[in-house]
1. Looking at Val41, Val54, Val73, Val101, can you tell me which residue is surrounded by fewer than 12 Cβ atoms within 10 Å (Cβ to Cβ), of a type in the set (A, V, I, L, M, F, W, C) and under 19 Å from the mean Cα position of the chain (by Cα)?
2. Test each condition in (1) of a type in the set (Asp, Glu); (2) more than 27 Å from Ser23 (Cα to Cα); (3) buried (at least 16 other Cβ atoms within 10 Å of the Cβ) for Asp152 and report the one that comes out false.
3. When you scan region 106-113, do you find a residue that is in contact with a His (Cβ under 8 Å, 6 or more places away or on another chain), in contact (Cβ under 8 Å) with a residue 12 or more places away in the chain and over 25 Å from Phe159 (Cα atoms), even just one?
4. For the subset of region 113-149 comprising residues that are loosely packed, with under 14 Cβ neighbours inside 10 Å and of a type in the set (Ser, Thr, Tyr), which member is nearest to Gly86 (Cα to Cα)?
5. If I ask for residues that are among the charged types (D, E, K, R) and under 12 Å from the mean Cα position of the chain (by Cα), which ones from region 138-167 would you list?
6. Just a yes or no: is a residue in region 28-44 closer than 15 Å to Arg154 by Cα and either basic (Lys, Arg) or free of Cβ contacts under 8 Å to residues at least 24 places away in the same chain (or both)?
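The values are calculated or read from the model by the stated rules, or taken from the named source; none is laboratory data. Everything numeric in this text was worked out from a predicted model, so none of it was measured. Cβ: placed from backbone, ideal geometry, glycine included. Neighbour counts: every protein chain shown.
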Amino acid sequence: MKTKVKNIIIVAGMLLFLGCSDSTPVSLIDNIKSYSSQEEVRKIVNVDKGGWKVIEDTKTSPNDKRPPYHLFVTSIEDYSNLGEAGEAQFFYFNNRLMKIVFYPKHPDKYISTLNQNNDLKLNENSEQEIDSYLIIRVARDYANRMYVSFIDQRLEKEFDNWIRKYS
């Protein structure tokens, strides 16, 4: 009897733990969902390896005692979203799509279209929480290029926590 109760408690604890960790994908742009692997995204955007440029590939070594860390960033220089051409960068944390950063060629036009199509109020240097998981941020990078990022807040938080705790 004790073993049966112990097993029930263990299973209940596992279910509680797993239930607290929601990894339901959210649509970032063009039906590309967070938590997607690199292979899944490559199929959706329909680009061959030649159009897929690796910008960063940083990871812990297999012998590292810390939890796994793998930041993989790719770029498609000729990407289009909402009829606007630009560069799209895809950020993966431990092979899960965390965010997409889009550099439109005409940022003001793109942001206006994005606002109209989604009932948003974005402008330069702003962000808007779409739901409890998705945030859209408009900012400028180190080279003063304006971009719009579509971020799954859960993965970004996990990434930030890893950096804060282990780097």
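1. Val54
2. It is condition (2) that Asp152 fails.
3. No, the conditions are met nowhere in region 106-113.
4. Tyr142
5. Listed by number, the residues that qualify are Asp152, Arg154, Glu156, Lys157, Glu158.
6. yes
Conditions (1) touching a Lys or Arg at 6+ places or on another chain (Cβ under 6 Å); (2) modelled with pLDDT under 95, marked per residue:
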| residue | (1), (2) |
| --- | --- |
| Leu28 | no, no |
| Asn31 | no, yes |
| Ser34 | no, no |
| Asn46 | no, yes |
| Gly51 | no, yes |
| Pro62 | no, yes |
| His70 | yes, no |
| Glu77 | no, yes |
| Glu84 | no, no |
